Structure formats: C-alpha cells, structure tokens
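The values are calculated or read from the model by the stated rules, or taken from the named source; none is laboratory data. No experiment lies behind these values; they were computed from the predicted model shown. Cβ: placed from backbone, ideal geometry, glycine included. Neighbour counts: every protein chain shown. Quick note on the areas: whole protein, heavy atoms, side chains included, nothing else; ligands and nucleic acids left out. Shrake-Rupley method; radii C 1.70, N 1.55, O 1.52, S 1.80 Å.
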Amino acid sequence: MANLRAISNVLKQLQVKKPELKEPLVPIRDWVQDPYYVGEGGVFKWNDGVPTGIYPYYQDFLCDLFEYENKYDMVVISGGIGGGKTSVGLYCFIRKLYEQSVYNNIQGRYGLMPTSPIVFLYFCAVSKFMAIRLGKQLREIIDTIPYFREKFPRDEHIDSELRFPNNVSVLFGTGEGDMIGNNVIASIIDEANFKGDATGDSGSLTEMQKMHHAVLSRQASRFSFGGKNYGMNIVISSATTSNSYTEYLFKKAQEDPRSKAINVRTWEVKPWAHKKERFYVFCGNEKYEPFVMDSPQKIESQLNLPVDHRKTLPEIVKELPQDIRRLVDEVPVDRKDDYERDIYLALRDISGVSVYAQGKLFQDKHVFDQCIDSSIPVLFSKNEFSIETNNDSPTNCIQYYLERSFVDPDRPRFIHIDLGLTNDATGIAC
C-alpha cells in the first residue's frame, strides 16, 4: 500500500500543472527605464558627461522586440565593433528571463512536466573561455538588479551556470554537445562568423548552420504549439564577408515577419560621439571595389559611369542607378582617415558592412593587398577591373587597362599561377 502511495505521489509530481501568473508583466517601455528591473547600471543617464546604461538606440530596439511576448523568434544583430551588440544581447536574455519569472509552474505554459528544466543557452563561437567570460558579465548584471535579488534570485553557491527558481537556468557553451538533454527556450550565438579560427568563409557557414539548426529543431519540439514558437534565438556577430553565416541570416530575415535584423553602426548608437558632417563611401560588390567617393572624377572612373561634373557630390550620388546607390554609405567625417587608410577593414569594423567575397579566388582583399610590393611600377591603370564574355567593346580587354608607358602594350604576356598544396598560399608571376 505504501508503495502504491509513493508511486501515486511521483505520478502527481510528473503531471503538467497549470501555470499561475504571480504578477502582471511590466510593459517593456516602462521596464527598460526602471532601475528595479534593469539595475542602476542599465538606466540610461549621463555621468559627468559620459553616457551609461542602455543607449536610446537599444531601448527602441528592445521595445520593438518585446512589444508583446514572442513578437519575434529570430533576432540577428550584426555590424561594426564597439557598438554594444553583445551587451544588448544580454539584456534580451534578462527580459526573457523576467517574462518566465512572473509565473508559478512556468513549465505548464509549454506542456512540460514540473521537473523539466527550462534553459537559456549562451554560445560563444570563438572559445569556451569567451563563453564563460560573457557568462560572468551576465551574472554581474543580474546581481545588481533588485527584482532578481528579491523575487527571482539565482543560486549564489553556483557560478558555472546561473540557476534560478522553478528549474530555470542559464548555461554557457561553444558547441552542439552543450545543448544535449536541455529544453532551450532562448539562445544566443555570439560572434557567429568566427567559429573556432574561422573568418567567415563557407566552411564556417556550414558549421554554424549545423549548430544553429540543432538549436532551432530542439526548441521547436519543446516550445512550439498552436503554430507559434515561444522561444527566442539571437545571432550576434561583427561583419566579415558577404557569404558569412550572419549575412546569410540577415538577408533571410528581411522576408520573415517573425525575424528582426539590425546592422549596428557606432554613429547611430552613439551619435553624440561623432561629427554630423558626412562623406560618401561605395561599399563594393562583385564587380566594383569599394572606394571613398570624394570627387566626381573618382566616381566616374571607379564605376564606369558618366557624371555631370557641374553638380555637387550629394546631387551626383542621389542620381546614381538604384543598384549602385543602395551600396553607398554615409559616414561621419571624423572617421574618414580610417577609410582612406584601409577601406576594407573600416567597412567591416566601422560601417559593419560584410565585404563582398563570394565566388572570388581571394576571399579577403585586405590580406591580398598586404602581399603587394608597392615599389614595383604599376602595370595597370586600375587596381581591379572586370572583363566580360560576349562583349566586343574596345574597353572590354586587358590591353585597355595597361599603362600606356609600356613600349609595346599589345605584346603577348604570360602568367604562371603556382597553387600551394600544404599551405594557403598562391604564387603569381607575369
């Protein structure tokens, strides 16, 4: 009889229990400005001329994300360095944690047994060390927030993970194995373009796709019902190349109403730190290399387009063909030196633009440029040009771009390419 009673008690514990709302959910616009919920360090303010807290740019972003629960289930945050992408990702986790904390028997909302863990998973694609370091940052933020200390406290005896009441926890990892056996309601993949020592090539894209799809499929099996996904997935990375995984997701998100994608640029996040005056940069595509658009002559020669030299630069840029105009960025003049010094690096790190590389033999133009000996006389009038098939135009040939200083530009020349087998190296001689 005692055994039957014990079995009955166990079965009761395993039954799905109805969730109970402990207190109303605070609207995101109030929540994001209230030190009780985001801590004093999260409230935007100026301290002796220095801004601290969640910047207005990110407040608006969070208010859109959490306008109502589960408005989006996929979030892509890309862009330049130093824009606070990781920090806003952490506050996304904190808000999502808060949304779970206002319920008793939270597992019942998702048809799970009371003993089932609900896990927030933070991946850092670079290394386990970085994942742990970011976990420490999240822990330190949460420990300063009165709401979590008073109403949803973590177990302070454990630092390897963040363990909260109702079997809710935050775990940290670097790969697919870190999610096995867990009900992942929310995930962050940070620096998704840099898996291991990858630099955003197609190999890392495939690897990140595999890991990300594993997260999505596990989440869908546990937190999707009634045609709606109650989870949230956040992918964060600095820009690399146009065929990186974040760029792939960014483009895909443009067509999905359940996805939100932003490209972070420091002058939009911190407008007070930059001059208002702007200059133009062409970001490049598969045909034309990027360049600073500082004169009508340069626009004409670099893009092979007729330009009215009597017009101002803004007028010229405004009248460019739409497919070219959408690749023009306007950057604060205080960063112009960076673009003139290394435009590819500046596009990635400052503009947050993924440099076009798909289908090219050399995937990183910046690395290629480091191999050039500038003391050798230039052979061509342009650093890069395109030759098309089925085009008999006199300008559509290599000879057209040879420097006229050569005695015989029509003389045949031969190029030898030596491909390295054991190392990533290629030798070219003419």
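What do you reckon, is SER259 surrounded by fewer than 19 Cβ atoms within 10 Å (Cβ to Cβ) and farther than 30 Å from PHE66 by Cα? Break it down into steps so the answer makes sense when it comes.
Working: surrounded by fewer than 19 Cβ atoms within 10 Å (Cβ to Cβ): yes; farther than 30 Å from PHE66 by Cα: no.
Criteria not met by SER259.
Between residues in the range 131-156 that are in contact (Cβ under 8 Å) with a residue 24 or more places away in the chain and residues that are open to solvent by 50 Å² or more (accessible area, probe 1.4 Å) and among the hydroxyl-bearing types (Ser, Thr, Tyr), which pairs lie under 9 Å by C-beta distance while being six or more apart or on different chains?
ILE132/SER160; GLY135/SER160; GLN137/SER87; ILE141/SER87; ILE145/TYR36; PRO146/TYR36; TYR147/TYR36
So that you can scan it fast, the table gives a plain yes or no per residue for (1) under 24 Å from ILE81 (Cβ atoms); (2) of a type in the set (Ser, Thr, Tyr); (3) open to solvent by less than 30 Å² (accessible area, probe 1.4 Å); (4) touching a residue at least 60 places away in the same chain (Cβ under 8 Å):
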| position | (1), (2), (3), (4) |
| --- | --- |
| ALA253 | yes, no, yes, yes |
| THR266 | yes, yes, yes, yes |
| LYS276 | yes, no, no, no |
| GLU286 | no, no, no, yes |
| LEU303 | no, no, yes, no |
| ASP308 | no, no, no, no |
| THR312 | no, yes, no, no |
| ILE324 | no, no, yes, no |
| PRO332 | yes, no, yes, yes |
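Could you pull out the residue among TYR91, TYR72 that is under 18 Å from the mean Cα position of the chain (by Cα) and at pLDDT 95 or above? Quick ask: steps written out before the conclusion?
Details: TYR72 fails: at pLDDT 95 or above.
It is TYR91.
So, in the range 138-152, of the ones that are over 24 Å from the mean Cα position of the chain (by Cα) and surrounded by 19 or more Cβ atoms within 10 Å (Cβ to Cβ), which residue ends up farthest from GLN100 (Cα to Cα)?
Going residue by residue through the range 138-152, those that are over 24 Å from the mean Cα position of the chain (by Cα) are 143-152.
Okay, now just the ones that are also surrounded by 19 or more Cβ atoms within 10 Å (Cβ to Cβ), so 145, 147-148, 152.
Numbers: ILE145: 16, TYR147: 13, PHE148: 12, PHE152: 10 Å.
Filtering first and then ranking leaves ILE145.
Kindly indicate whether VAL168 is at pLDDT 90 or above and within 23 Å of ILE236 (Cβ to Cβ). Let's see the steps before the verdict.
Numbers: at pLDDT 90 or above: yes; within 23 Å of ILE236 (Cβ to Cβ): yes.
The answer is yes for VAL168.
Hey, any hits in the range 84-103 for a residue that's of a type outside the set (D, E, K, R), more than 26 Å from ARG265 (Cα to Cα) and open to solvent by 10 Å² or more (accessible area, probe 1.4 Å)?
Start the filter on the range 84-103 by keeping residues that are of a type outside the set (D, E, K, R), which leaves 84, 86-94, 97-98, 100-103.
Filter once more, keeping what is more than 26 Å from ARG265 (Cα to Cα): 97-98, 100-103.
Now drop any that are not open to solvent by 10 Å² or more (accessible area, probe 1.4 Å), which leaves 103.
Scanning the range 84-103 turns up at least one residue that is of a type outside the set (D, E, K, R), more than 26 Å from ARG265 (Cα to Cα) and open to solvent by 10 Å² or more (accessible area, probe 1.4 Å).
Working only within the range 287-323, note down all residues that are closer than 13 Å to LYS382 by Cα and either small (Gly, Ala, Ser) or modelled with pLDDT of 95 or more (or both).
Hit for the range 287-323 is SER301, nothing else.
Take the residues in the range 232-251 that are part of a loop (DSSP other than H, G, I, E, B) and of a type outside the set (Ser, Thr, Tyr), then tell me which one is nearest to SER87 (Cα to Cα). So that I can check it myself, show each step before the final result.
Narrowing the range 232-251 to residues part of a loop (DSSP other than H, G, I, E, B): 239-240, 242-244.
Narrowing further to those that are of a type outside the set (Ser, Thr, Tyr): 239, 243.
Values: ALA239: 17, ASN243: 25 Å.
The residue in question is ALA239.
In the range 311-334, how many residues are of a type in the set (A, V, I, L, M, F, W, C), touching a strand residue (DSSP E or B) at 6+ places or on another chain (Cβ under 8 Å) and outside any loop (DSSP other than H, G, I, E, B)? Quick ask: steps written out before the conclusion?
Residues of the range 311-334 that are of a type in the set (A, V, I, L, M, F, W, C), as a first pass: 313, 316-317, 320, 324, 327-328, 331, 333.
After this cut, where a residue has to be touching a strand residue (DSSP E or B) at 6+ places or on another chain (Cβ under 8 Å) as well, the list is 313, 317, 320, 324, 327-328, 331, 333.
Filter once more, keeping what is outside any loop (DSSP other than H, G, I, E, B): 313, 317, 324, 328, 331, 333.
Count: 6.
Anything in the range 67-116 that is part of a loop (DSSP other than H, G, I, E, B) and under 22 Å from GLN33 (Cα atoms)? List them, or say none.
Those that are part of a loop (DSSP other than H, G, I, E, B) and under 22 Å from GLN33 (Cα atoms): GLU67, TYR68, GLU69, ASN70, LYS71, TYR72, GLY83, GLY84, VAL102.
Output the residue which, of all residues in the range 124-147 that are outside any helix (DSSP H, G or I) and under 12 Å from ILE188 (Cβ atoms), is modelled with the lowest pLDDT. Walk me through how you get there before you give the answer.
Going residue by residue through the range 124-147, those that are outside any helix (DSSP H, G or I) are 124-127, 144-145.
Remaining after also requiring under 12 Å from ILE188 (Cβ atoms): 124-125.
Details: CYS124: 77, ALA125: 66.
Applying the filter and picking the extreme gives ALA125.
Are there any pairs, at least 6 apart or on different chains, whose C-beta atoms fall under 8 Å, with the first in the range 96-111 and within 13 Å of PHE148 (Cβ to Cβ) and at pLDDT 95 or above and the second open to solvent by 10 Å² or more (accessible area, probe 1.4 Å) and small (Gly, Ala, Ser), and if so, which?
none
On the basis of being surrounded by fewer than 19 Cβ atoms within 10 Å (Cβ to Cβ) and of a type in the set (Val, Ile, Thr), does ILE81 make the cut?
Details: surrounded by fewer than 19 Cβ atoms within 10 Å (Cβ to Cβ): yes; of a type in the set (Val, Ile, Thr): yes.
Yes; evaluated as a whole, the condition is true for this residue.
Looking only at the range 46-58, decide whether some residue is closer than 19 Å to ARG154 by Cα and under 20 Å from the mean Cα position of the chain (by Cα). Quick ask: steps written out before the conclusion?
At the first step, the residues of the range 46-58 found to be closer than 19 Å to ARG154 by Cα are none.
No; the residues of the range 46-58 include none that is closer than 19 Å to ARG154 by Cα and under 20 Å from the mean Cα position of the chain (by Cα).
Given ASN383, ASN390, which one is open to solvent by 100 Å² or more (accessible area, probe 1.4 Å), under 26 Å from GLY284 (Cβ atoms) and either among the aromatic types (Phe, Trp, Tyr) or modelled with pLDDT of 80 or more (or both)?
Numbers: ASN383 fails: either among the aromatic types (Phe, Trp, Tyr) or modelled with pLDDT of 80 or more (or both).
That would be ASN390, the only listed residue that is open to solvent by 100 Å² or more (accessible area, probe 1.4 Å), under 26 Å from GLY284 (Cβ atoms) and either among the aromatic types (Phe, Trp, Tyr) or modelled with pLDDT of 80 or more (or both).
Quick one: how many residues across the range 45-66 are open to solvent by less than 50 Å² (accessible area, probe 1.4 Å) and either assigned to a strand (DSSP E or B) or without any contact (Cβ under 8 Å) to a residue 60 or more places away in the chain (or both)? So that I can check it myself, show each step before the final result.
Start the filter on the range 45-66 by keeping residues that are open to solvent by less than 50 Å² (accessible area, probe 1.4 Å), which leaves 51-55, 58-59, 61-66.
Next, from what is left, pick out any that are either assigned to a strand (DSSP E or B) or without any contact (Cβ under 8 Å) to a residue 60 or more places away in the chain (or both): 51-54, 59, 62-63, 66.
Going through the range 45-66 one residue at a time, the tally reaches 8.
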